[in-house]
1. May I ask you to order 211-221, 537-547 by the average number of other C-beta atoms within 10 Å around their residues, highest value first?
2. Rounded, prolate or oblate: which fits the range 183-549, taking a ≥ b ≥ c as square roots of the Cα gyration tensor eigenvalues, rounded meaning a/c under 1.5, else prolate when a/b beats b/c?
3. Order 390-403, 470-483, 422-435 from most to least packed using the mean count of other Cβ atoms within 10 Å.
4. From the phi of every residue in the range 284-289, what ³J(HN,Hα) in whole Hz does the Karplus formula 6.51 cos²θ - 1.76 cosθ + 1.60 yield, where θ is phi - 60° and glycine or proline is x?
5. What ranking do 405, 416 get, fewest neighbouring Cβ atoms within 10 angstrom at the top?
Amino acid sequence: MSFKFTEVAVAQSRIVEPDFAPEQVIDRSEGMPIEDRSQESGFPERQPTGVRSQEPEAGSVVAVDGAMGGQVTSVSQLSDVQPTDWAYQALQLLIENYGCLVGYPDQLFRGNRALTRYEFAAGLNACLNRMQQLLATELERYATRAELAVVERLMSEFAAELAALQSDITNLEQRFANLQSASTLRLQGETIFAISEVLAGDEEGLNNPVLQSRTNLTFDASFSGEDRLRATLEFGNFERFTLPESTNEGRFSFATGTDEGEIGLDTLSYEFPAGEDITVLAIAKGGNLNDFITNINPLSSSGTATISRFGQRNPIYRGSGFDVGTGIGANIFLLDDLSIEVGYIAANSSNPSLGNGLFNGGYGVIGQITATPEPLELSLTYAHSYVPDGGNSTGTGSIPATVEVEYTDAENTRPVVVNSYGLGINYAISNGFQLGGWVGHSAVRAIGLGDADVWNYAVHLSFPDLGGEGNLGGIIVGMEPRLSGTTPGLGAALGRRRDLDVGLHVEGFYRIALSDNLSITPGLIWLTAPNHNADNPDVLLGTIRTTFRF
């Protein structure tokens with residue numbers, strides 16, 4: 001039931017004033033009167049002496065929407081609050097003066113509907129909080145006695161509802177805190193279908209068009225809201241094309257997994273904060289040195305960006321083939337846009353036999369300084385690896401650049417020590433164009449034989465939202481890892497002192513975003529002088545990659 005008070009004693013009165021009216025606004029910082037601001041605040045002017053708006057006394061008869069109604073002595077007896085009630089009008093004036101409620105696109109509160117007492121109390125509570133903020137800093141501007149008196153009366157009339165509201169808010173805050181600290185599990189998935197072919201350069205007819213696929217299922221769990229336990233399952237049936245001299249150049253970025261029909265645990269890691277400026281990453285399975293550093297290449301994604309393995313990152317990040325390791329690393333923020341990242345990977349940490357384990361077998365260490373003052377990003381990288389068998393294999397570049405030298409029994413290769421250095425840069429010239437690249441050098445020592453130098457470089461151009469929101473165009477031009485020189489002993493064992501020529505990797509792709517979860521990316525890779533040998537015909541690879549994310 002709701003009521004509307006008729007005008008009593010004074011016509012045109014917008015609200016029922018308290019038993020006293022303000023003569024002046026009080027400046028509480030000085031204790032002296034200043035200019036009356038009751039008109040500015042929207043509250044009624046002071047009435048002449050002996051004339052003021054009144055609330056009906058107990059026992060008086062009031063009109064209810066033009067008809068005779070019951071007797072009320074207080075708003076606290078009302079079940080609803082109508083726009084015509086004094087309390088509603090008083091709250092509306094507070095809203096206009098203090099901007100404590102908005103509800104429409106024009107940022108206005110259009111109070112023209114009845115409210116329940118609880119809804120009214122919620123609005124009143126918002127205004128009280130807003131007034132408290134303003135009065136703490138601008139008391140002399142906002143606080144008239146009329147305003148304070150009306151607020152006091154509203155608080156008294158709706159004391160029960162305000163108390164209930166505060167209790168509900170406290171309960172909600174507690175429940176929200178419990179939810180934040182509760183463990184959560186999130187599933188993300190990515191499925192790739194790719195139709196690929198060697199379009200040119202397969203003079204011996206060793207390759208055929210293929211349809212291949214890969215699926216990753218990633219489970220993220222958090223126990224505090226700031227940590228992350230991640231497990232990734234992977235299935236893939238990709239096999240490499242046979243290119244001249246079995247070169248590692250031109251491999252697709254998404255070509256992982258070779259056991260068709262089998263799915264297994266690909267990675268397992270746990271990330272957590274160790275203070276305000278340090279994040280620690282521990283990897284139990286499937287770790288690589290690049291997991292511990294920031295890759296500033298915007299085209300690195302294997303599912304939605306570059307189509308080549310080389311185009312993802314500087315090959316020195318791959319840690320000489322350690323892609324199944326166990327390790328730990330940390331990201332230390334020195335400033336908001338400056339960090340130091342370090343990591344350690346052991347190749348066979350689960351094997352307790354001689355020459356294996358966490359610290360007695362193959363390993364890799366990486367450190368990087370990353371600066372990201374927008375729109376520029378820079379990285380300086382150092383990586384060190386000891387590889388007992390397998391050479392300087394990064395899955396990219398020429399065969400000689402792996403510096404694999406077999407023992408006389410041909411069952412194993414000689415161990416190598418690799419020290420690598422890298423410089424990366426990316427610059428966002430505009431929202432629709434970024435330019436960047438990298439250069440990498442690896443000093444490789446084949447123990448007992450000699451030393452070798454391996455170089456690589458690339459320039460990448462990215463075009464975000466090219467032709468539509470979510471699209472991406474990319475161009476990558478560079479030289480995949482090339483053996484540039486060796487000492488005589490190692491050169492003799494490899495059969496050459498250096499790669500004969502300089503071949504280029506030229507790549508272009510265009511991602512078309514059909515939705516937030518589906519994209520199609522056609523792309524081409526052109527290899528000049530494959531395996532850095534001009535005697536080999538140029539190779540042109542093509543693919544159409546379809547990516548589903550869920």
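A short reminder: the numbers here are calculations on the coordinates, not readings from a lab. Everything numeric in this text was worked out from a predicted model, so none of it was measured. Virtual Cβ from ideal backbone geometry, glycine too; neighbours counted across all protein chains shown.
1. Ranked from most to least packed, the peptides come out as 537-547, 211-221.
2. Because its axes are fairly even, with a/c under 1.5, the range 183-549 counts as rounded.
3. Per-residue Cβ counts within 10 Å, averaged per peptide and sorted highest first, yield 390-403, 470-483, 422-435.
4. 8, 7, x, x, 9, 4
5. 405, 416
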